[in-house]
């Protein structure tokens, strides 16, 4: 890896995890790294099984030449994978997906690569393999020993952060607190400055209830938690506004006046973002000491191995990782 870095000093090295090898991750990864714009921007480093990538290259008719680099000669070979079954949920696939994430994150922490992009995983397969995390965001926070991290979804200049992530709707209100909202506002503010090079970012905060509670008619969370936290952020010179009623805020296009939106729960923020940029959305984990992005889609088991998976979201994830790496370097100068 040191030789690679010396040969390509001007290009960041991006580790791309294998994801669930029974899903579309390997296919969209191969299609993306074949893209001339990606080759121009960075050095892609695939963390996974050569056997898996060659299987999908043949099956999906992707012309690519891969060079294998063995980092862990004493570890069990990644090519010990016995069976690749596109479209099937497998504990073995979950195991290798989890290991790939762990290796890529350690490469980032050790400074051997500049950032990582995670291919889609199956939470069901990961759970079967013993990785009992709600999602990759939570897993990476633990691997990097980060107590505060934020999921941010990005589609061009549309950015959405989430106060709660993979939480059942019936439990969302229980998870909302002044501390949680304050942490997310702060992380988003700092990320917009360091990762997106926005000097004075504007953040919109959504309400939890219909019509943002309408003066406690439809709930007390806005008055009890959200409004005081926004005022606290403003006292810290953070340009945060709200709480806004989500339907009117997105429907009127008001979101275009802000650099990021903090939604209270998963679907409140992700539905409008995916309607705006379904094929180009990127999942970014703000607050980590490493750069991590991911395509904003799942394993798509129903089309795995058919050669029809759209790589645009993966391409955008790689491009965003490169942009954030460059912006962080400028911040450190």
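The values are calculated or read from the model by the stated rules, or taken from the named source; none is laboratory data. Owing to the predicted nature of the structure, the values given are computational and were not obtained by experimental measurement. Cβ atoms come from the backbone with ideal geometry, glycine included; neighbour counts cover every protein chain shown.
Annotation note: Cβ proximity below 6 Å between a residue of the stretch 158-173 that is modelled with pLDDT under 90 and a residue that is not in a helix (DSSP H, G or I) (sequence gap 6+ or interchain) occurs for 165/151; 166/134; 166/135; 172/164; 172/265.
Okay, residues lined up against (1) surrounded by fewer than 23 Cβ atoms within 10 Å (Cβ to Cβ); (2) farther than 17 Å from residue 190 by Cα; (3) at pLDDT 95 or above; (4) over 17 Å from the mean Cα position of the chain (by Cα):
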position: 292; (1), (2), (3), (4): no, no, yes, no
position: 296; (1), (2), (3), (4): no, yes, no, no
position: 299; (1), (2), (3), (4): no, yes, yes, no
position: 304; (1), (2), (3), (4): no, yes, yes, yes
position: 310; (1), (2), (3), (4): yes, yes, yes, yes
position: 319; (1), (2), (3), (4): yes, yes, yes, no
position: 325; (1), (2), (3), (4): yes, no, yes, no
position: 333; (1), (2), (3), (4): yes, no, no, yes
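Can you say whether residue 141 is in the same structural domain as residue 325 (by TED's automatic domain parsing) and touching a residue at least 12 places away in the same chain (Cβ under 8 Å), as far as the supplied structure shows? Yes, satisfied. Only one of the numbered conditions (1) part of a helix (DSSP H, G or I); (2) crowded, with 22+ Cβ neighbours inside 10 Å is not met by residue 55, and that is (2). Take the conditions within 26 Å of residue 237 (Cα to Cα) and without any contact (Cβ under 8 Å) to a residue 60 or more places away in the chain and apply them to residue 186. Does it pass? Yes; evaluated as a whole, the condition is true for this residue. Taken together, the residues in the stretch 125-134 that are assigned to a helix (DSSP H, G or I) and either within 18 Å of the chain's Cα centre (by Cα) or buried (at least 19 other Cβ atoms within 10 Å of the Cβ) (or both) amount to 2.
Checked against the criterion of being assigned to a loop (DSSP other than H, G, I, E, B), out of contact with any strand residue (DSSP E or B) (no Cβ under 6 Å at 6 or more places or on another chain) and more than 30 Å from residue 20 (Cβ to Cβ), the candidates 306, 237 yield just one match: 237.
Checked against the criterion of being touching a residue at least 24 places away in the same chain (Cβ under 8 Å), under 30 Å from residue 54 (Cβ atoms) and in a loop (DSSP other than H, G, I, E, B), the stretch 197-209 has no qualifying residue.
Residue-by-condition table, conditions (1) out of contact with any strand residue (DSSP E or B) (no Cβ under 6 Å at 6 or more places or on another chain); (2) surrounded by 16 or more Cβ atoms within 10 Å (Cβ to Cβ); (3) under 19 Å from residue 272 (Cβ atoms):
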| position | (1), (2), (3) |
| --- | --- |
| 171 | yes, no, no |
| 187 | no, yes, no |
| 190 | yes, no, no |
| 203 | no, yes, yes |
| 209 | yes, yes, yes |
| 229 | yes, yes, no |
| 242 | no, yes, yes |
| 245 | yes, yes, yes |
